[in-house]
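Below you'll find the structure, written out as structure tokens, and then a few comments.
The values are calculated or read from the model by the stated rules, or taken from the named source; none is laboratory data. The structure presented is a predicted model; accordingly, all values stated were derived computationally and were not measured. With ideal geometry, Cβ positions are generated from the backbone for all residues, glycine too; neighbour counts draw on all protein chains shown.
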Amino acid sequence: MKMSQMAFKPLKNPPANADTINHKLLVQAGYVRQLMAGVYTYTPLGLKVLNKIRNIIRKEMNAIGGQEILMPSLHPKQNWVTTGAWDNVDVLFHLKSRTDKEYALGQSHEEIVTPLAKDIIKSYKDLPLALYQIHWKFRDELRAKSGILRGREFEMKDMYSFHETQEDFDRFYQQVKDAYIRAYKAVDLVAKVTEASGGSFTQKISYEFMVLTDAGEDDIFYCPKCEFCVNSEIAKQKVGDDCPKCGHGQLAAAKASEVGNVFDLGQKYVKDFDLTYTNAQSEQKYPIMGCYGWGTTRTMGVIVEKTSDEKGIVWPYAIAPYHAVMVSLKGTEEQAEKLYTDLKKHNVEVIWDDRNESPGSKFAAADLLGIPVRLVLSERNGGKIEWKNRKETNPELLEHDQVLMRLSQL
């Protein structure tokens, strides 16, 4: 992609109303545009990042037996009445049609996936079953804030599983937990598995995957010596207490942002919709149900909060919209055209800043965009190409073929 042809180019200044790093940088760099509080358009750049996050999650969910579907966002009122959520979930958007029929916009999909699963679960031989989607959610937040971290419209991966026994659910939960940890590692995040209340979903204990960030909305206590972590709202401990798990560390407090969660839904929804199966003894039983969420758009925002510096975004290589940004200075047009063509032939995703701008402006844009590798073509380099990693300060000069080989290996 040539930057001169991009519809959404980096801006000189951040938006005046930005209250968080991710809002400021994602808009200024051209990844998103705000329509209104809590609602954003994802530009071609932003969509490339989001697609890569989706694919990392999709790969892990498929690997543990999840089957991808896509459910409606517009839901009939009766499904939500059946579970008691129509009047009890305060963030649920209620809609009325011209024929006075009432609907909800999906803020979660338990009310939709359970009757769907009822159509296909008849016998114990149909279990376990795990269905997931990557889709948009709608929540009537009183105060949408923190950029794309807390919105009224946002995207999630939500998976729902059905099991014969609690033991089988526990087995699958561990598989999901391990898959989540692998996926977070792939996007350079360390997520702490945090014990929390089930909230409006269930009275059982749930687990949240928390990333420490000053922009977070949750207060947690964690042990710096081990994996122990708990939401402060249900904690029996206080800051400075010895860790109840390892006994070696003292608990510290931090702000954190939830990027994923796991709920043991028990038999609440299957009983609401009378979903039963025939077991091996020909008895009718209710399965155990689980829910597993991952905020895809929120993950994008958290990564910006965690990895950015004073110059702009610093994307992990796995989800960067492009592998390299190529900056050509005056007099290198022919060399730049050849490098750009060869990089594309080697399946390297490259964005070429071919604009008629000053070198300083181009360098600032490259840093703001957060692309992992910056390639500078300048007459003073004697035909060589300046290579600089976004996370590093010192560049090096490479030959044309060396650049191709190194980027191909990455």
- Message: Can you say whether LEU369 is aliphatic (A, V, I, L, M) and closer than 22 Å to GLU334 by Cβ, as far as the supplied structure shows?
- Response: no
- Item | When residues of the range 233-263 are limited to those that are among the polar types (S, T, N, Q) and surrounded by 19 or more Cβ atoms within 10 Å (Cβ to Cβ), the one modelled with the highest pLDDT | ASN261
- Query: Taking interchain pairs and intrachain pairs at least six residues apart, which have beta carbon atoms under 9 angstrom, with the first residue in the range 280-296 and more than 16 Å from LEU127 (Cβ to Cβ) and of a type in the set (S, T, N, Q) and the second outside any strand (DSSP E or B) and modelled with pLDDT of 95 or more?
  - Reply: THR296/LEU50; THR296/ILE53; THR296/ARG54; THR296/ILE57
- How many residues, within the range 89-117, are over 20 Å from ILE134 (Cβ atoms), free of Cβ contacts under 8 Å to residues at least 60 places away in the same chain and among the β-branched types (Val, Ile, Thr)? 2
- Message: Given the criteria touching a helix residue (DSSP H, G or I) at 6+ places or on another chain (Cβ under 7 Å) and of a type outside the set (D, E, K, R), does VAL262 qualify?
- Response: yes
- Would you say ASP353 is among the acidic types (Asp, Glu), closer than 13 Å to LEU339 by Cβ, within 34 Å of the chain's Cα centre (by Cα) and surrounded by 19 or more Cβ atoms within 10 Å (Cβ to Cβ)? yes
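Listed here are the residues, each with its yes/no results for (1) buried (at least 21 other Cβ atoms within 10 Å of the Cβ); (2) touching a residue at least 24 places away in the same chain (Cβ under 8 Å).
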{"position": "ALA144", "(1), (2)": "no, yes"}
{"position": "GLY151", "(1), (2)": "yes, yes"}
{"position": "LYS157", "(1), (2)": "yes, yes"}
{"position": "ASP168", "(1), (2)": "no, yes"}
{"position": "GLN174", "(1), (2)": "no, no"}
{"position": "ILE181", "(1), (2)": "no, no"}
{"position": "VAL193", "(1), (2)": "no, yes"}
{"position": "VAL211", "(1), (2)": "yes, yes"}
{"position": "ALA215", "(1), (2)": "yes, yes"}
- Task: State whether one or more residues within the range 281-300 are more than 28 Å from the chain's Cα centre (by Cα), of a type in the set (Phe, Trp, Tyr) and surrounded by fewer than 24 Cβ atoms within 10 Å (Cβ to Cβ).
- Result: yes
- Does PRO14 count as out of contact with any Asp or Glu (no Cβ under 6 Å at 6 or more places or on another chain), crowded, with 19+ Cβ neighbours inside 10 Å, assigned by TED's automatic domain parsing to the domain that holds GLU141 and part of a loop (DSSP other than H, G, I, E, B)? no
- Message: With aliphatic (A, V, I, L, M), in contact (Cβ under 8 Å) with a residue 24 or more places away in the chain and under 18 Å from VAL39 (Cα atoms) as the only criterion, which of ILE121, ILE134 stands out?
- Response: ILE134
- Residues in the range 60-84 that are closer than 20 Å to SER161 by Cα and either out of contact with any Asp or Glu (no Cβ under 8 Å at 6 or more places or on another chain) or outside the structural domain of PHE273 (by TED's automatic domain parsing) (or both): how many? 12
- Item | Residues of the range 108-126 satisfying the condition of being surrounded by fewer than 19 Cβ atoms within 10 Å (Cβ to Cβ) and either touching an Asp or Glu at 6+ places or on another chain (Cβ under 8 Å) or not hydrophobic (A, V, I, L, M, F, W, C) (or both) | PRO115, LYS118, ASP119, ILE120, LYS122, SER123, TYR124, LYS125, ASP126
